[in-house]
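Written out below as structure tokens is the structure these notes cover.
The values are calculated or read from the model by the stated rules, or taken from the named source; none is laboratory data. Bear in mind the structure is a predicted one, so any value in this text is a computation, not a measurement. Cβ: placed from backbone, ideal geometry, glycine included. Neighbour counts: every protein chain shown.
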Amino acid sequence: MASSSLNTLAEHLGVPERTLRRAAAEGLVRGERTSARKFVTSMREEAYLRTHWPLLSGLRAALRTEPGVRLAVMFGSLAAGTAGDGSDIDLLVRLGDPSARRVAELTGRLEERIGRDVQLVRIQDAERTPLLMRDALEQGRVLIDREHEWAGLVARLPTWRRRARTAETSLLDAMPDLDLGRTL
């Protein structure tokens, strides 16, 4: 598989290499560390970043100005690279004040700054929905992680996969004509 170094990718994106190095360490850029000093991305990831970097960096900048945002992880079609022009931005968030009012205010500010619809999902709500939590952990691109909790959440991915399989099986048993678009 062809790959690209962060140095090369930074040149293509017109950003400092340290910016991409930090984004890779936080979980926004996907790739593999091949040595203590070298991190490489796939050509697919490079193409994704060439297309989405302005949006990703804009989201990160907007979220950094929100002190109550403890964790923000993009998931869904935009994180997977399958979004259409009208797709919204799905964000899994942990907020210092997780009230509905705070979520609505933050959503409005982000939509205004980014110019796209934003769907915020509080982590405590996602944890009640195994299918959503599994997808967020599998697809997630970390935008903000002020308390360094993402690695701990990802470590629980096998548990969320088991819970999601159980939920899918229950749904299929209850509604046999349902197409979940996944192989159990």
From the list R116, R94, which residue is closer than 17 Å to L56 by Cβ, surrounded by 15 or more Cβ atoms within 10 Å (Cβ to Cβ) and not acidic (D, E)? R116
From L137, L143, L171, grab the single residue that is within 22 Å of P67 (Cβ to Cβ) and either at pLDDT below 95 or touching a helix residue (DSSP H, G or I) at 6+ places or on another chain (Cβ under 6 Å) (or both). L143
Scan region 109-119 and give yes if some residue there is touching an Asp or Glu at 6+ places or on another chain (Cβ under 8 Å) and modelled with pLDDT under 95, otherwise no. yes
Evaluate region 74-91: report whether one residue or more is touching a strand residue (DSSP E or B) at 6+ places or on another chain (Cβ under 7 Å), closer than 17 Å to L143 by Cβ, surrounded by 15 or more Cβ atoms within 10 Å (Cβ to Cβ) and of a type in the set (V, I, T). yes
Please determine whether any residue of region 14-34 is of a type in the set (S, T, Y) and more than 28 Å from R122 (Cβ to Cβ). yes
Residue set R37, R21, R44; condition exposed (fewer than 15 other Cβ atoms within 10 Å of the Cβ) and part of a helix (DSSP H, G or I); output residue R44
Requiring at least 2 residues that are over 27 Å from R163 (Cα atoms) and without any contact (Cβ under 8 Å) to a residue 40 or more places away in the chain, the strands (runs of 3 or more DSSP E) wholly within region 51-128 are none
